[in-house]
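To start, the structure under review is shown below, and the notes come after it.
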Amino acid sequence: MMNCMVLGVLAGLLLSTAAHAESVSVAVAANFTKVAEELAPLFKAETGHDVTYSFGATGQLYTQITQGAPFEVFLAADDVRPTQAVTEGFGVGGSVFTYAIGALALYSTSIDMADGKAVLEAGAFDKIAIADPATAPYGQAATETIAALGLTDAVTPKLVTGENITQTLQFVESGNAELGFVAASQVAGKSGVWIVPANLFEPIRQDAVLLKTGEGNPAATAYVDFLRSDAAVVVIEAAGYLVE
């Protein structure tokens, strides 16, 4: 009889948890794709909630948000658009925070990148890939780096522009460009990587914001809280990001 009672209580708890489980839709900057996917099962295990992601360039995602896309949390690759979301009435005031600080890398599958600065200055390549600087913060950081090195005129004719940082990496790995500027997290553990000195570009502060569409969704607020948890920070830092 006691065993039956215990089983009944456990079943009730499981049903209660399932009944309160929700799902959250999160717009995520493309550079954070791998990390976000690693965080999903941890979030599920900790909260019982599900998460669905939409990946893309920060600027493109923000445009979708302003056009009514049903995202509930926005993980940008800059610290501009999340604040802009609040100012323009799409984000919840007081919910913006920096979840990661990114690093920029110059990557090649065919060129020795021990000294990336020397590679850029030598210019012995036909194509170099960057993400669209108008919509992708890592692309903007790449153009700042090129300018800081005084190579804008020499490099600009050789640029191949990716729609986002994921496509930029694909250009390099497919051989459509001999090298390219990508997020350091995308090429962690790979050879042919030069980490760009941080003094060559403005810090890539990646901010998150709870969107007003998710304000009443427990899964959305739980995801924002989860991003700040020790479990999430361990994964984010392991991917090569800094967390304040």
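So the values come out like this:
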| quantity | calculated |
| --- | --- |
| Some residue of region 60-82 being small (Gly, Ala, Ser), assigned by TED's automatic domain parsing to the domain that holds Ala208, closer than 24 Å to Leu104 by Cβ and surrounded by 23 or more Cβ atoms within 10 Å (Cβ to Cβ) | yes |
| Residue list for region 181-206, filter: surrounded by fewer than 22 Cβ atoms within 10 Å (Cβ to Cβ) and part of a strand (DSSP E or B) | Val193, Ile195, Arg205 |
| Residue selected from region 219-242 under the condition hydroxyl-bearing (Ser, Thr, Tyr) and touching a residue at least 24 places away in the same chain (Cβ under 8 Å), by the criterion surrounded by the most Cβ atoms within 10 Å (Cβ to Cβ) | Tyr223 |
| Meets criteria (closer than 16 Å to Val28 by Cβ, crowded, with 16+ Cβ neighbours inside 10 Å, modelled with pLDDT of 95 or more and among the hydroxyl-bearing types (Ser, Thr, Tyr)) for Tyr99 | yes |
| Test: Ala220 is in a helix (DSSP H, G or I), out of contact with any strand residue (DSSP E or B) (no Cβ under 7 Å at 6 or more places or on another chain) and not aromatic (Phe, Trp, Tyr) | no |
| Condition check for Ala177: surrounded by 20 or more Cβ atoms within 10 Å (Cβ to Cβ) and outside any strand (DSSP E or B) | yes |
| Candidates Thr135, Thr161, Thr143, Thr156, filtered to the one that is touching a helix residue (DSSP H, G or I) at 6+ places or on another chain (Cβ under 6 Å) and either of a type in the set (D, E, K, R) or surrounded by fewer than 23 Cβ atoms within 10 Å (Cβ to Cβ) (or both) | Thr135 |
| Meets criteria (surrounded by fewer than 14 Cβ atoms within 10 Å (Cβ to Cβ) and not assigned by TED's automatic domain parsing to the domain that holds Val172) for Glu88 | yes |
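The values are calculated or read from the model by the stated rules, or taken from the named source; none is laboratory data. In this text the structure is predicted, and so the values were computed from the model without any measurement. As a convention, Cβ positions derive from the backbone with ideal geometry for all residues, glycine included, and neighbour counts pool all protein chains shown.
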